[in-house]
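The values are calculated or read from the model by the stated rules, or taken from the named source; none is laboratory data. Values in this document were obtained by computation on a predicted structure and should not be read as measured data. Note: ideal-geometry Cβ built from the backbone for every residue, glycine included; neighbour counts use all protein chains shown.
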Amino acid sequence: MVKNGGLLVIPRPQTCTVRTRTGMLAPLLAAAGFVAATPYATLQRPATLVVDASRADDGFMEVREHIPAAAGSFTIVYPKWIPGEHGPTGPLNDLAALRISANGTALDWRRDPTDLYAFHVNVPAGAGAIDVAFDVLMNAPGDTMATHSVSILNWNRALFYQDGVDSHDYYVRPSIVLPEGWQYATALRGERSSGNRVDFAVTALNQLVDSPLDMGRYVRKWDLWRQGSAFVELDAFADYPQDLEIPTTLLQAYQKVPAEAFAMYGSRHFDDYHALLTLSDAIGFEGIEHHQSSDDRASDDFLTNPGKSLTEGDLITHEFSHSWNGKYRRPADLTTPNFQVPMLTDLLWVYEGMNQYLGDVLSFRAGIRSPKLFPEYVASVYAAMDTEPGRATTPLIDVTTGAPYYYGARGDYGSIRRSSGDFYVEGELIWLDVDTIIREQSHGARSLDTFLHRFTEPAVTGPVVETYTREDVERMLNDVQPYDWHAFFERNVYQVAPHPAADMLARSGWRMVYTAKPNDFVAGRRGNRDAIGWFAYGANISSEGTVRDVREGSAAWRAGLAPEMHVVAVDGQAFSPDVMLYAVNRAEHSNAPISLITSQTGWYRTLALDYHGGIRFPHLERIAGAADILDDVAKPRT
Ligand SMILES: [Zn+2]
C-alpha cells in the first residue's frame with residue numbers, strides 16, 4: 001500500500017467494474033433471473049459508433065453504427081432506463097429515420113410490439129455485423145439539448161446495442177464529428193483528432209453512457225485541482241462568451257470544492273473528473289451525475305449573477321458528491337446490468353437524500369455560498385417540508401419507490417401530490433438529523449463525515465461500483481455510533497411522517513421562528529415575489545397574479561383560491577405583488593378579510609381571504625447556551 005497525499009492508493013482498473021461488498025455483481029443478477037447474452041462486440045472487435053454532430057447547432061445529429069451480430073434473428077435495443085435520471089427516460093421520440101443494412105443491403109426491421117425500445121432484424125447468412133443509421137432530433141419542449149452555440153451529447157440518446165448483453169462487457173469505439181470551430185470536453189479517454197472528427201479509445205458501453213460530451217463555440221476550462229495525473233476540471237460552454245467571465249472569488253470557491261470533498265469523504269474514486277457545465281437559458285436547469293464527470297446545465301448568468309450562486313450554488317457540488325455517493329456507493333437494486341433492466345429506486349432517500357445534504361454542505365464549506373447563511377438555508381428547507389400536506393398520507397418510501405413517475409409529476413397541488421423533489425429535501429433533513437444525532441451521542445467526537453469515510457473506503461480507486469442495501473447503511477452507521485438506526489429510518493422514511501423531526505433543530509442549537517424579514521432561499525427558482533404568501537396565507541401567486549399552488553388547510557384554501565386562477569384585484573385595486581403585500585400588512589391590524597377578485601376560465605368571483613397573521617418567512621434563531629452545530633457543519637475543513 002502506498003500513501004499518496006494522505007490517501008490510500010488502490011491500483012486503477014482498466015475499465016469500470018461492478019462488484020458488491022461481498023463479491024462480483026454476477027451472482028446477484030443470476031439470483032434476479034438475469035443471464036447475460038454473449039456479446040458479439042468485444043474488446044478486440046468492438047462496435048463502432050460515429051455521431052456526426054456537425055449540425056448540432058441546428059438540433060440535428062446523424063448516427064452511423066457498425067454492430068457485430070450473428071446471422072438469423074437479431075435484436076437491437078435503444079437505452080431505456082437511464083442512470084442518474086432514475087427512470088425509463090430514454091427519449092425514444094427523438095430517434096428518427098432508422099435504417100439498417102448488412103454488407104450494403106437494406107434490411108427490413110420491426111419494432112417489438114410490447115417492448116417499444118427493441119427492434120428486430122433478420123441478419124443474412126455470412127454477415128457478421130449490421131450497419132445502423134439514424135437521426136437524433138435533439139430538441140423537444142422541456143428537453144433542449146442544442147442551441148446555436150452549445151450542445152450536450154448523452155451517448156445513450158445516440159446508440160443502439162445488442163439486446164440482453166451486460167453493458168460492462170460490451171465494447172464500443174466511439175467517435176464524434178463536431179460543428180466547424182467547436183471545442184468539446186468529456187471524461188472519455190484516448191482521443192485522437194483529425195479535422196472536426198475525434199476518435200476515442202474502445203470503451204465499455206456502461207462507461208460510454210457514463211461519459212457525456214459537451215461541445216460548443218465559447219468554452220473556458222478551469223483547473224480546480226491537480227495531483228500528478230489526477231485532476232478536477234470545470235469545463236464551461238456558453239451561449240454567449242461574456243457569460244464565461246467568472247468572478248475571481250467565485251472561481252476560488254470552486255477551486256476549494258475538490259479539497260473539501262476529499263476531506264469530507266476521505267477518499268477519491270475517479271482518475272480525473274470533468275464538471276461539464278452549459279450556460280444557456282434555452283437549456284433547462286439540470287444536473288446529471290456520472291462517475292468521472294457531471295452534466296450540469298444552468299442559465300446564462302449562473303457564473304456571473306451572485307443570486308444564482310445563492311439559490312443554485314449546489315449544482316456542481318451536488319453532482320460532484322455523487323461520484324462517491326451514487327456512483328461509487330450505489331444501491332444494489334439500482335445497479336443494473338444494462339439499460340433495459342428496470343431500476344428499483346427505493347433507496348434514493350440515501351442516494352439522493354443524503355447527497356442533497358452533502359452537496360449543499362460542500363457548497364457552504366467551499367464558500368460558493370457563505371457558511372454564515374447555512375441556518376437560513378436550513379430554515380427554508382425545514383419550513384417547506386413542515387408545511388406539506390402530502391406528508392400526512394404518503395410516506396417518503398412511496399415517493400422513492402415511485403420515483404420514475406414522481407420525477408415526471410406535473411400539475412396542480414404539488415404539495416398534496418408530492419414530487420421527486422421531496423426525497424431530495426426531506427431526505428436532506430433526515431441526514432442532517434443523522435448528523436446531529438451522531439454528534440450528540442458521541443459528544444462531538446464523531447459526525448456524518450466519520451460515517452462517510454467508512455462508507456467510501458478504501459481511499460483511492462478508479463471508477464468502480466460498490467453496492468449497498470438499507471441493512472448495510474444501518475450497520476455502518478451503528479459501527480460509527482451505536483443507535484437504533486433501523487427504528488429511526490422506519491419512523492422517518494418507511495412510515496407516514498407528517499413533519500420533520502421536532503427535536504432536530506434543537507439538537508443543532510437552533511429554533512424556528514417566522515418573521516416578516518424575507519429569507520433569500522425561500523425565493524428559490526420561482527423568484528421571491530411568487531413565494532411571499534406560502535408560509536402566510538398559504539398560496540404562491542406569480543408577479544402577474546397567477547396562482548401557482550395553494551396549501552391545503554391554509555387561509556387561501558379556505559377562501560377557495562386554486563391553482564391556475566388569476567387574481568385580478570386585491571381590496572379593489574388591480575393586483576400587483578406590492579398591492580397584495582399592502583393588503584396583507586393592513587389585514588394584520590383588522591378583522592375584515594382581504595377581498596380578492598379572481599378570474600378562472602371566463603368567470604369572475606369575489607373571494608374572502610380571512611388571514612390576519614402578516615407576512616411570515618422562516619428563519620432560525622439560536623438557542624442561548626446550546627452548541628452551534630450548524631456552524632460546525634458548514635465551516636470549511638481545509
Ligand atoms: Zn442527485
Has the stretch 318-330 got at least one residue that is within 22 Å of residue 463 (Cβ to Cβ), among the acidic types (Asp, Glu) and surrounded by 23 or more Cβ atoms within 10 Å (Cβ to Cβ)? yes
Being within 21 Å of residue 633 (Cα to Cα) and buried (at least 16 other Cβ atoms within 10 Å of the Cβ): is that true of residue 257 here? yes
Within the stretch 378-398, does at least one residue satisfy the condition of being of a type in the set (Asp, Glu) and within 14 Å of the chain's Cα centre (by Cα)? no
Identify, by number, the condition in (1) in contact with an Asp or Glu (Cβ under 8 Å, 6 or more places away or on another chain); (2) within 14 Å of the ligand (Cβ to nearest atom); (3) more than 18 Å from residue 423 (Cβ to Cβ) that residue 284 doesn't meet. (2)
Residues in the stretch 407-424 that are within 16 Å of the ligand (Cβ to nearest atom) and small (Gly, Ala, Ser) total 3
Would you mind telling me which numbered condition in (1) hydrophobic (A, V, I, L, M, F, W, C); (2) under 29 Å from residue 216 (Cα atoms); (3) not in a strand (DSSP E or B) residue 51 fails? (3)
Does residue 302 satisfy the condition of being aromatic (Phe, Trp, Tyr), within 13 Å of the ligand (Cβ to nearest atom) and outside the structural domain of residue 397 (by TED's automatic domain parsing)? no
Restricting attention to the stretch 358-401, and to residues there that are under 19 Å from residue 468 (Cα atoms) and touching a Leu at 6+ places or on another chain (Cβ under 9 Å), which single residue is surrounded by the fewest Cβ atoms within 10 Å (Cβ to Cβ)? 401
Selection over the stretch 347-371 where residues are in contact (Cβ under 8 Å) with a residue 60 or more places away in the chain and more than 16 Å from the ligand (Cβ to nearest atom) yields a count of 7
Verdict on residue 253 being within 16 Å of the ligand (Cβ to nearest atom), touching a residue at least 60 places away in the same chain (Cβ under 8 Å) and within 19 Å of residue 369 (Cα to Cα): no
Give the stretch 235-290 a look and list any residue that's more than 20 Å from the chain's Cα centre (by Cα) and under 30 Å from residue 408 (Cα atoms), or say none. 238, 239
Among the numbered conditions (1) among the charged types (D, E, K, R); (2) under 22 Å from the mean Cα position of the chain (by Cα); (3) closer than 18 Å to residue 633 by Cα, tell me where residue 417 comes up short. (3)
Take the stretch 549-585 and flag every residue that is within 23 Å of residue 619 (Cβ to Cβ) and under 36 Å from the mean Cα position of the chain (by Cα). 549, 551, 553, 554, 555, 556, 577, 578, 580, 581
Residue pairs qualifying under the 7 Å Cβ cut-off, at least six apart or on distinct chains, with the first in the stretch 315-328 being touching a residue at least 24 places away in the same chain (Cβ under 8 Å) and of a type in the set (A, V, I, L, M, F, W, C) and the second being in a loop (DSSP other than H, G, I, E, B) and more than 11 Å from the ligand (Cβ to nearest atom), are 324/267; 324/269; 324/456
Among the residues of the stretch 331-356, write down those that are among the hydroxyl-bearing types (Ser, Thr, Tyr), out of contact with any strand residue (DSSP E or B) (no Cβ under 7 Å at 6 or more places or on another chain) and surrounded by fewer than 24 Cβ atoms within 10 Å (Cβ to Cβ). 336
Go through the stretch 305-317 and report how many residues are within 14 Å of the ligand (Cβ to nearest atom) and part of a loop (DSSP other than H, G, I, E, B). 1
Got at least one residue in the stretch 87-95 being farther than 24 Å from residue 179 by Cβ, in the same structural domain as residue 172 (by TED's automatic domain parsing) and among the aliphatic types (A, V, I, L, M)? yes
Applying the selection to the stretch 318-341, what residues are in a helix (DSSP H, G or I) and more than 11 Å from the ligand (Cβ to nearest atom)? 332, 333, 334
Filter result for residue 237 (closer than 19 Å to residue 273 by Cβ, part of a strand (DSSP E or B), in contact (Cβ under 8 Å) with a residue 60 or more places away in the chain and of a type in the set (Phe, Trp, Tyr)): yes
Test for residue 176: is it modelled with pLDDT of 95 or more and either assigned to a loop (DSSP other than H, G, I, E, B) or under 22 Å from the mean Cα position of the chain (by Cα) (or both): no
